[in-house]
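The structure under discussion appears below in the form of structure tokens.
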Amino acid sequence: MPGPRVTIVVRDGCHLCDDAVALARRVCADLGAGLAVRDVDADPALAQHADHVPVTFVDDRRLAIWFLDEQQLRAALAG
């Protein structure tokens, strides 16, 4: 079974991260896509993203940093 299509790298206490996760949860639920949320501070492998959270990936390709756009996410999941 393949992994989630959408991954968001976040940091605890980040309001932009909270916004991106809420939007992604809604869109992923609408479209039946999997979502993973990963904490940049809990995983040293994510350190390269520390200054850019939230970072959103679709199918392991970076889609957005800082701000997630609903139409952009929907388009990426449709393609």
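The values are calculated or read from the model by the stated rules, or taken from the named source; none is laboratory data. Predicted, not measured: the structure shown is a model, and the values here were computed from it. Backbone-built Cβ (ideal geometry, glycine too); neighbour counts: all protein chains shown.
Below is a table of values for the structure above.
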quantity: Test result for R25, touching a Leu at 6+ places or on another chain (Cβ under 7 Å) and not hydrophobic (A, V, I, L, M, F, W, C); calculated: yes
quantity: Within the chain, strands (runs of 3 or more DSSP E) holding 1 or more residues that are at pLDDT 95 or above and surrounded by fewer than 18 Cβ atoms within 10 Å (Cβ to Cβ); calculated: 35-39, 61-65
quantity: Of all residues in segment 27-63 being small (G, A, S) and free of Cβ contacts under 8 Å to residues at least 40 places away in the same chain, the one that is nearest to C14 (Cα to Cα); calculated: A50
quantity: Residues located in segment 23-79, provided they are under 12 Å from the mean Cα position of the chain (by Cα), within 19 Å of G3 (Cα to Cα) and acidic (D, E); calculated: D39, D59, D60
